[in-house]
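Below is one structure; the comments refer to it alone.
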Amino acid sequence: MEQVQDSPISIIIVSGRSGSGKTSVLNILEDFGYYVIDNLPPSLLSGAVARLTDDTNIRKIGLGVDVRVPGADLSNFPMVHEELIRQYGESAIKVLYVTADEPVLVARFGATRRVHPLMANGTVGNLPKAIHSEIGLLEPIAQLADIKINTSLLNTHELKERVRDHLGVQTTVTVNLLSFGFKYGTPIDADFVFDVRILPNPHWDEALRAQTGEDADVQAFFGQYPEVDEMADDIAKFLGKWLPNFLHNNRHSITIAIGCTGGKHRSVYVTRAVEAKLNQSLPTSMKVVAKHREKRYWCC
């Protein structure tokens, strides 16, 4: 998780009623590049943040707080919140509180067969009482919430979009272009696979066999055959048209595999050509990265 030391500090404290989606929100924050710690007592929040920001490059921190900590500690949350604002500024601190309607919470606990934390620690004996008791325990946090989200009617993707909108997080997608050789197997993690074995093969030229698709002589060889660049154009046009839709599909990475027989000449050349074209056509929020899976075999 690489974060720039001079970038602004963002600390999101996530709390809410058990079963309302607090863990899902923390997972979403991880997807957004936040360093996440769950179930942290409020008395430890300031120390944890100071350690992370002083000793590392971490500038985006998500902290989960809920009723699994002693109730007396939760009552101290306003003082801890005030201290964090004093240290890092009001704009750096946000409290995100998730909730859900009581029938929804009851149904979720029934479906997952999980035990409410207040029942697990023996505070109360049944689910309805636990749900009501939790409201009072979390009130010191709820009153300071900058963002409140009711998840009763939201699925995971909708919740992610809601959190993204509240935090102003820009959608980014990494487009991984991967050249490979079919004789070593098709990449199992590829979202798209293109087969370029139909193209002319420099392997049969003794002078070019030891070279790769990144060498000038091999590139000059492909320059003799218009169909090579036509293939790269067709692949890039297809991807350029459809990949931007993934910006709104809760995806953070896409892998496009381009294969020839050995993964040394044709697939490498076409992958580089497609990379150059996509860098010109895709939105700036889509980062294109080209890699060559069979590079370890190029010496042979």
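Taking every DSSP bridge with both residues inside region 1-124, close to 0 percent are antiparallel.
What residue among H265, H132, H252 shows peak mean-square fluctuation when the chain is described by a Gaussian network model with Cα springs under 10 Å? Among H265, H132, H252, the largest GNM mean-square fluctuation belongs to H132.
A Gaussian network model of the chain, with springs between Cα atoms under 10 Å, assigns the largest mean-square fluctuation among A107, A130, A273 to A107.
Counting only protein heavy atoms and using a 1.4 Å probe, the accessible area of D146 comes to about 90 Å². Each Lys or Arg adds one and each Asp or Glu subtracts one; over the other residues with Cβ under 12 Å from the Cβ of D66, this totals 0. Electrostatic bookkeeping for E275 treats Lys and Arg as +1 and Asp and Glu as -1; over the other residues with beta carbon under 12 Å from its beta carbon, the sum is +3. Listed by number, the DSSP H helices of the chain that run 20 Å or longer by alpha-carbon position along their axis and have mean Kyte hydropathy of at least 0.5 are 127-142. With a Förster radius of 22 Å, plug the Cβ-Cβ distance of V289 and F192 into 1/(1 + (r/R0)^6) and report the FRET value to the nearest 0.05. Computed FRET efficiency for V289 and F192: 0.90. Of the residues S18, S43, ranked by 1.4 Å probe accessible area with the largest first, the sequence reads S43, S18. Of all lysines in the structure, those lying under 25 Å Cα to Cα from K22, and not within fewer than 8 positions of it along the same chain, are K60, K94, K129, K148, K160. Its DSSP H runs of at least 4 residues, each contributing -39,500 (n - 2.57), put the calculated 222 nm mean residue ellipticity of the chain at -12000 deg cm²/dmol, to the nearest 500.
With a simple spin-label model that places each label point 7 Å from the Cα along the Cα-to-Cβ direction, the separation between F182 and A107 comes to 5.0 nm. Ranked from largest to smallest solvent-accessible area, with a 1.4 Å probe on the protein heavy atoms, R113, R251, R68 come out as R113, R68, R251. A simple spin-label model places pseudo-atoms 7 Å from Cα toward Cβ; at S152 and A50 they are separated by 4.2 nm. Heavy-atom accessible surface of M231, to the nearest 10 Å², is about 50 Å², with a 1.4 Å probe and all protein chains retained. Exposure check, 1.4 Å probe, all protein chains in place: T23 carries approximately 80 Å² of accessible surface.
With the simple model of a label 7 Å out from the Cα in the direction of the Cβ, E30 to E90 spans 3.4 nm.
The values are calculated or read from the model by the stated rules, or taken from the named source; none is laboratory data. Nothing here was measured: the structure is a model prediction, and the numbers come from that model. Don't worry about glycine lacking a Cβ; one is built from the backbone with ideal geometry, like all the others, and counts go over all protein chains shown. SASA here: full protein model, heavy atoms, side chains in, ligands and nucleic acids out. Shrake-Rupley method; radii C 1.70, N 1.55, O 1.52, S 1.80 Å.
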